[in-house]
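Engineer: Can you keep this structure in mind? I'll have questions shortly.
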Amino acid sequence: MVRNLIFFSVIFLNFLFLYFLKHNEIKDEINVMIEPGMRLHEISEILERSEIIQNKFLFILWTKINLSDKRLKYGEYKFHGTYSVNAVLKKLKEGKSLNRKITIVEGSSKSDLLDFFRALDPNSNLKLNEIPENIVANTYFYEFYETPRMILDRIILKSIEISEGIWESRNLEIPLKNISEMFVLASIVEKETSKKNEKPIISGVFYNRIEKNMKLQSDPTVVYAITEGKSKMKRKLLRKDLKIKSEFNTYVNKGLPPEPICFPGIESLNSTVKPIKSNYLYFVANFNDGGHTFASTYKEHLQNIKKVKKLRKNNE
C-alpha cells in the first residue's frame, strides 16, 4: 500500500514537474496588467483568460509550492514567444514590468502637455496653471497605474535634477541670475533653430545684444505674444505684429520675457549656459536649409536679408 502510494506520488510529481516546465507558445504579443493589491486567484484568472497559462488552478498550486504567492509584483508585463508556467512565475516575481513613456518634444508648450494628460485620463482635473514653466523637453518613463498628477511630479523632479546639473556646469561669465532665466533664454534659442551647431552661436548673439543694451528682437517671442503658446501660428509674422504690446514681445521690451515661451531641450539649455563667443549681433534664416546667416553689423545683416529674399524670389 505504502509502496503504491509512493509510486503514484512520484508519477504525480513528475507530471507536475513536466507540466510546469512545458513551454506554451504565445504567437501574438500580449500585455497583461497586474494591479496593486491583486490576489493570487485574480492574477491567475487574468493569465488564463489571456492564454498566458492553460490552467489557473495549476498555476496557483505551483506558486504555492514555490512559496511565491506573496512575492508576485504588480506592473504591466509583455508576453511573446514561448513561456513555461515556471517562466511566467519567475517573470512576475522579478517584477520586470514594462515602462510607459512620454516624450515632451523640444519647443512644445504647456498646452501640448496638458492635451497629453487629458488624452491619458479624460477625468483628470489637472489644470494648465499647475504645469510649471521650467520643464525640460525630454523622454520620461512612468508606470501604467500612475495618474497625470503623479506623472507630472516625476517630470518636475527629473527636470529639476537635469537643469540643476546644467546650471552648475555653466560659463560663469554669462549674465544670467538663476535657473529660471536660463530656461527663458533657452526656450528662445529652442524656437530660433533646430540645428545643434547653431544653438550656442545664437545664444552668444543674444548675450552680445544684452551686453550692448539692445533688444533681443526674437520673432518667436512675438509669436508667443500672439498665441500665448496655446496654438500654432497659422500665418506669417507681419511687420505690424512686431509692435504688439506684450511683456513677451522682445521687439518692444528690453531684456528677457517673464517666462519661457516653450519647453527647451537639453541641447538648448547646454548651449545657453555655454555660448560660443563671437562678434555677431544679427542673424537671418536661410532660404531652404533651416540654418541661419550671421552678421556683426546691421549693414551686413541687411545685405544678408537681401540675398535671402533674392533666392526666395528666384525659386518661386
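The values are calculated or read from the model by the stated rules, or taken from the named source; none is laboratory data. Please read all numbers here as calculations on a predicted model, not as lab measurements. Cβ placement follows ideal geometry from the backbone for every residue including glycine, while neighbour counts extend to all protein chains displayed.
Engineer: Tally time: how many residues in the range 226-242 are at pLDDT 90 or above and either assigned to a loop (DSSP other than H, G, I, E, B) or closer than 19 Å to ARG209 by Cβ (or both)?
Structural biologist: Residues meeting the conditions: 1.
Engineer: Hey, does the range 190-199 have a residue that's in contact with a Leu (Cβ under 7 Å, 6 or more places away or on another chain) and either surrounded by 16 or more Cβ atoms within 10 Å (Cβ to Cβ) or free of Cβ contacts under 8 Å to residues at least 24 places away in the same chain (or both)?
Structural biologist: Looking for residues that are in contact with a Leu (Cβ under 7 Å, 6 or more places away or on another chain) and either surrounded by 16 or more Cβ atoms within 10 Å (Cβ to Cβ) or free of Cβ contacts under 8 Å to residues at least 24 places away in the same chain (or both), one finds none in the range 190-199, hence no.
Engineer: Continuing with the same structure: Just name the residue that is surrounded by the most Cβ atoms within 10 Å (Cβ to Cβ) out of those in the range 82-97 that are within 31 Å of the chain's Cα centre (by Cα) and at pLDDT below 85.
Structural biologist: Only one residue tops the list, namely SER97.
Engineer: Count, please, the residues in the range 252-278 that happen to be surrounded by 18 or more Cβ atoms within 10 Å (Cβ to Cβ) and part of a helix (DSSP H, G or I).
Structural biologist: Residues flagged as surrounded by 18 or more Cβ atoms within 10 Å (Cβ to Cβ) and part of a helix (DSSP H, G or I) within the range 252-278 amount to 7.
Engineer: Scan the range 59-81 for residues that are loosely packed, with under 14 Cβ neighbours inside 10 Å and aliphatic (A, V, I, L, M) and jot them down.
Structural biologist: Within the range 59-81, ILE65, LEU67 meet the criteria.
Engineer: Of all residues being in contact (Cβ under 8 Å) with a residue 24 or more places away in the chain and more than 30 Å from ASN138 (Cβ to Cβ) in the range 289-316, which is surrounded by the fewest Cβ atoms within 10 Å (Cβ to Cβ)? Just the residue, please.
Structural biologist: My answer is ASN315.
Engineer: Say whether the condition of being modelled with pLDDT of 85 or more, more than 23 Å from GLU143 (Cβ to Cβ), of a type outside the set (A, V, I, L, M) and surrounded by 15 or more Cβ atoms within 10 Å (Cβ to Cβ) is met by at least one residue in the range 34-47.
Structural biologist: no
Engineer: Does SER108 fit the bill of being surrounded by fewer than 17 Cβ atoms within 10 Å (Cβ to Cβ) and outside any strand (DSSP E or B)?
Structural biologist: Criteria not met by SER108.
Engineer: Among the listed residues LYS191, LYS195, LYS232, which satisfies the condition of being touching a Cys at 6+ places or on another chain (Cβ under 9 Å) and either under 15 Å from PRO275 (Cβ atoms) or not polar (S, T, N, Q) (or both)?
Structural biologist: Of LYS191, LYS195, LYS232, the one residue that is touching a Cys at 6+ places or on another chain (Cβ under 9 Å) and either under 15 Å from PRO275 (Cβ atoms) or not polar (S, T, N, Q) (or both) is LYS191.
Engineer: Checking the conditions here, which among LYS101, LYS73 is basic (Lys, Arg) and outside any strand (DSSP E or B)?
Structural biologist: That would be LYS73, the only listed residue that is basic (Lys, Arg) and outside any strand (DSSP E or B).
Engineer: Right, something else. Are there any pairs, at least 6 apart or on different chains, whose C-beta atoms fall under 7 Å, with the first in the range 122-133 and assigned by TED's automatic domain parsing to the domain that holds LEU152 and the second surrounded by 12 or more Cβ atoms within 10 Å (Cβ to Cβ) and modelled with pLDDT under 90, and if so, which?
Structural biologist: Within 7 Å, no pair qualifies.
Engineer: Does GLU35 satisfy being in contact (Cβ under 8 Å) with a residue 40 or more places away in the chain and either in contact with a Pro (Cβ under 9 Å, 6 or more places away or on another chain) or of a type in the set (Asp, Glu) (or both)?
Structural biologist: yes
Engineer: Further question on the same structure: Test each condition in (1) within 17 Å of LEU269 (Cβ to Cβ); (2) without any contact (Cβ under 8 Å) to a residue 60 or more places away in the chain; (3) aromatic (Phe, Trp, Tyr) for TRP167 and report the one that comes out false.
Structural biologist: Result: TRP167 fails condition (2) only.
Engineer: From the list ARG239, ARG209, pick out the single residue that is surrounded by 17 or more Cβ atoms within 10 Å (Cβ to Cβ) and either among the basic types (Lys, Arg) or in the same structural domain as ALA295 (by TED's automatic domain parsing) (or both).
Structural biologist: ARG209
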